[in-house]
Amino acid sequence: MIAALFFYLFAILSVASAAMVIIAKNPVHAVLFLILTFFNAAGLFILLGAEFLALLLIIVYVGAVAVLFLFVVMMLDVDFAELKAGFIKNAPVGALIGGIVLAELALLFLVHGFDFGAAGSVQSAMPSTGSGIDNTTALGRLIYTKYVYFFQAAGLILLVAMIGAIVLTLRHKEGVKRQSIPVQNARNPKTAIEVLEVPTGGAILPSTEGQG
């Protein structure tokens, strides 16, 4: 009874906050509602016994993605009037797709009802280990044993994507001095030190050689 109560509470709050992400006029408020959606979804994962996914949702999406969105929205000068104009322009297509999804959900509930028999078919992450093992340990054993190559391949893809994003967005500005490690390592006393004979009472003028 208590689990069902919390399920409906988290589900209603998730749907309401997700709707507010779209409805909110202030983009900062939309991001805050998005964070609330993540927290309620994490509560649903905890009720399902997937505490690892719940913590992952909070740490990764709330701690990184949502905060990054908030900083981007607050720091960038976004023309929200243009964004709203594009939203109104594409509203009929979005309404059509939303209507199709709602019709499919309605047919699904009419055919199967609200009881899909999922509660009795839920299995542990590693059934062969038996009871006495938590969800996080089971997922860790699966990821780093059976699916270790897929896990490493996913990490490699993310690394390549990160490097590609940096390379594509990197722009070298003219007139800005940059550090060159090979040039610094190739310096020797002959190129780094200049010995001058200064006459008595004379002055040393700054050298312009090597500047530019």
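For a Förster distance of 45 Å, can you work out the FRET efficiency between the beta-carbons of A3 and S180, rounded to the nearest 0.05?
Working: r = 63 Å, r/R0 = 1.39.
Calculated value: 0.10.
When the accessible area of the stretch 1-58 is computed with all protein chains present and a 1.4 Å probe, what percentage of it is carbon and sulfur? Please list the in-between numbers first.
On the way: 3210 of 3720 Å².
Carbon and sulfur together cover 86 percent of it.
The values are calculated or read from the model by the stated rules, or taken from the named source; none is laboratory data. Note that the structure is a prediction, hence the values are computed from the model and not measured. Glycine gets a Cβ as well: all are built from the backbone with ideal geometry, and neighbour counts include every protein chain shown. Quick note on the areas: whole protein, heavy atoms, side chains included, nothing else; ligands and nucleic acids left out. Shrake-Rupley method; radii C 1.70, N 1.55, O 1.52, S 1.80 Å.
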